[in-house]
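The block underneath contains the structure these notes are about, expressed in structure tokens.
Here, each number is a calculation from the coordinates, and none is a lab measurement. Just so it is clear, the structure is predicted and the values come from calculations on it, not from any experiment. Using ideal geometry, Cβ is built from the backbone for each residue, glycine included, and neighbour counts are taken over all protein chains shown.
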Amino acid sequence: MSTRRLAQEQPESFVFSDTSTKDVEFWLNKFPEARKQSAVIPLLWLAQEQEGWVTLAAMESIAERLDMPKIRVMEVATFYTMFNLAPVGEHHIQICGTTPCMLRGANDLKAVCESRIGKKGATSEDGRFTWSEVECLGACCNAPMAQISNKDGHHYFEDLTAETLEALLDKLGAGGAVKAGPQNGRQTSAPEGGPETLKDESLFDGSRGKKLKSIPNAPQSSPEPSPEKKGHPKETTRDSQEKARTDSQQTPDPETKEDKKAVKAKDADGKKGGGDA
Ligand code: FES
């Protein structure tokens, strides 16, 4: 692990640019006022994206903005190797030196950097390259690896050897384009020589898919109510049952003694009514 010290020469002041200020506001809006210190890493990153490195003045400015002790901001900036504590060259080569990469040849990569650029943390005389050693960058299955940061972004170069790293530095030094990812032809993180499982193309090309007749749990469109019912609550099943029960109570049952009279009277009324018509 490299020693993390602040640069000897520091600018006197730091101010977020107008563009960075918008991003600062974005991050501050993500946290409640009482928890705004949670934005310390994003703000340090924005300062680095703006200046190329994190200056002491930037740390102090961020501490003031977040109502944090300056030392707390310095602790964060000096702990994470993603923050550059001194200016870096056009291409920043970050060699992972953690155990899996070390066992797979990281020391050879460091030797290349030392011979071409200088001691750990050094910047080449032409300002094109800086190299540093960092801890695991999460690409251990393709060890050894390095992250190269430049104006095109931050890219991983994996399955490196001393020869492939030399070739990369040659191309970058000549202003050429380089291809990120595994440098030995490996397909992403598949085994060397190609995938050994899940090789059936039909697993991925969609040919096994069956068309859905409908989408489960999709919202159903309800029919437009008839004009006369608009504004009235729809009659529920419970309402219908209640209505049927009441109707049945009001309709005379021809089988009971009392109701036989009522049925007869009703029939007589019907005949009478029909005669009148
Ligand atoms: S050990 Fe090097 S990427 Fe994890």
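Structure notes:
- Stretching the chain fully between I41 and T78 yields a gain of 12.2 nm (0.36 nm per residue, less the alpha carbon separation).
- Pair S189, E163: separation of 7 Å Cα→Cβ label points (nm): 2.7
- Annotation: for a label point projected 7 angstrom from Cα along Cα→Cβ of F204, residues of region 150-189 with backbone N closer than 18 Å are 181-189.
- In this structure, the amide hydrogen of H91, modeled 1.01 Å from its nitrogen in the peptide plane, lies closer than 5 angstrom to those of F129, T130, counting only residues at least 5 positions away or on a different chain.
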